[in-house]
Structures are given as structure tokens and as C-alpha cells.
Amino acid sequence: MWDYSEKVKEHFYNPKNAGAVAEANAVGDVGSLSCGDALRLSLKVDPSTDVILDAGFQTFGCGSAIASSSALTEMIKGLTVDQALKISNQDIADFLDGLPPEKMHCSVMGREALQAAVANYRGETLEDDHEEGALVCKCFAVDEVMVRETIRANRLSSVEEVTNYTKAGGGCSSCHEGIERLLVEELAARGEIFVPAGTGARAARKKAKASPVPLQAPQPAPAAQPMTNLQRIRRIERVLESIRPTLQRDHGDVELLDVESKNIYVKLTGACTGCQMASMTLSGIQQRLIEELGEFVKVVPVSSPAHSAMAEV
């Protein structure tokens, strides 16, 4: 399970500025529900001073996406749009006292949404349509421009880092060769050489082979034992139990109804029913379950035990 800072937890469980801003005159949309993350940032900007008077967000994603969006809105209120544009994705992560490497793409998404909102305010059009061949990662619709800019801004040097920051390469992995090509070019531009993953490990093995010190034969790792259905359900229940006190504090609750393969059916009750934050709550529950179970699952909210009435998140 990833190690989240207290600030990340605070902005996830108690997000600031959630929801659309009334009388917004700047809106930025990034991501896609089909790719797993989506963010809409809305701003109210004073046209006479370009000062951001209010900011709000609506997001579908993991806890880090919610926390990053919440943090961004707090950071930009009171700034001019030019000052806000100087905020980097690393600034967002630093504001939250850090993000797990695998979640840095959430701060990048916040930065992109801000750029889109400012462009919308200024009546500009961002180049968001992909010309033929411009897409690097088709699984997550990440183009070459985004990969190059992210490599430069964050001084990335490996495919794994690019995946952490952009999600590119996190699906079928067929785009890894294309990402490596961009890394070779971008690192060469800053006077560095791209070292493919595993090169260091091969060098270490050669060094160990030449060493006169006898090495102990590596022991095979024990095979992971798959969970039984009962163990899986109990683990799901433990996750819900850990979340329940937070929901109950706001007079809500969650109930586990059924588990069918990758689908986990839950029912929100009390103040959670019909709440504007319900989608965020469900997204957070889903993320916690994915981390705890070590597999992708989908949390499906239901209003009755009948599966025919279920609507997927």
C-alpha cells in the first residue's frame, strides 16, 4: 500500500473547493473517464485585474487526484493567472508534502487543467487534437508533446518515471519503445545518456561474478498464495470498516452488499445518499480496495439488492 502524507489524507477526506464555481469565467477539462482519471477546474477571474477570486474542482479519480485538485485550488486563489501558471506539478506535490512516485501523474493532471482553464479564460485554443502518429500511448491517449514536456519539466530519465508522471506505458506496454526513443532524444539534449532498465542490474551481476567472495545461491521467492473468496471478502470488509468512521462523522455510511469477480457492490446510506461528493467517496473506496487487494476492482453503487438496478461507477 502506498504511503500517503497527512496532507494528502486531509485533502482527500476533507477536500477544499469541491464542486463547480458559480459564475465561473474559466473552465479547464483534462483526462477521460475511459482512462480512469478526469478533472474539471473552474475559476472565477476578475477581468480587470486577472486575479483568481475563486476556484473549484470536479474530479473522477483516486485519492491522490482528489487531493491534488483540492491543493491546486487552494494554491491559486488570490493569484493572477500569470502567477498561477508558474505553479508546476512538483509545486503541487510539495504542497501536499509529497506524493507516491506512482501517483505523480495526478499533480500533472492538475497542472494541465490549470493551463486549459487559463486558455479558456483568454479565449485561446490549446492543441488537444492528436495528429496521425502523434499519440505515444493509445491506452491512455498520451501524446508526444505531453511526454516530452513532462520529461523536461521533471528531469525524468526512465520509462517507469514517465509512466508514473503521465500514465503512458501503464497499459499494454507496447509504447515503451516509443517512450525510450523520446527519452534518448530528451536526455541527449541535456547532455545525458539514456540507460535502459536492467542495464545497472546486468553490470552488478558482472561485478559480482568477478568478485572472489563466494556468493550464496539465491533462494527462490515463495509463491504467493491466492486468497480464498472468504479471505477476499473479509479483506474488503476491513477496508470498509476503516473508512466507515469518516463517513459516519458526516452522518453517512457504506454497506457491502455483494462481491462478484471484479465487481464489488456497495450501498451508500444516510447523508451519503444523493450527496454531491458521492462519486468522490466511491472513487476513494475503490482506490483503497485496489491497493489492499493488489488487483483492479470496480466499486458499483446500488440502491437496492437487485443487481438489475445497479449502475456502475
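Bear in mind that the values in this text are calculations on the coordinates, not laboratory data. Fair warning: this is a prediction, and the values are worked out from it, not measured in the lab. Counting neighbours? That spans all protein chains shown, and the Cβs are built from the backbone with ideal geometry, glycine included.
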Task: P(r) tail fraction, region 229-309 - alpha-carbon pairs more than 14 Å apart, % - done: 60 percent
Task: Protection proxy ranking, peptides 183-194, 77-88, 139-150, average beta carbon neighbours within 10 Å, highest first - done: 139-150, 77-88, 183-194
TODO: May I ask you to sort Glu124, Glu10 by Cβ crowding, counting other Cβ atoms within 10 Å and putting the fewest first?
DONE: Glu124, Glu10
Open item on the list: Taking 30 Å as the cut-off for C-alpha to C-alpha distance, list the pairs among Lys77/Lys298; Lys103/Lys298; Lys9/Lys86; Lys9/Lys77; Lys44/Lys267 that go past it.
Closed with: Lys77/Lys298; Lys44/Lys267
Task: Distance in nm between pseudo-label sites at Glu237 and Thr49 (7 Å out along the Cβ direction from Cα) - done: 5.7 nm
- [ ] Starting with the fewest neighbours, write out Glu102, Glu6 ranked by other beta-carbon atoms found within 10 Å of each beta-carbon.
- [x] Glu6, Glu102
Open item on the list: Using a 7 Å offset from the Cα along the Cα-to-Cβ direction at both Asp91 and Arg152, what is the distance between the two label points in nm, to one decimal?
Closed with: 1.8 nm
TODO: Please compute the net charge surrounding Arg111, taking Lys and Arg as +1 and Asp and Glu as -1 over other residues with Cβ under 12 Å from its Cβ.
DONE: -2
Task: Separation in nanometres of the label points that stand 7 Å from Cα toward Cβ, at Thr125 and Thr246 - done: 4.1 nm
Open item on the list: Could you order the peptides 173-182, 240-249 from most to least packed, using the average number of other C-beta atoms within 10 Å per residue?
Closed with: 173-182, 240-249
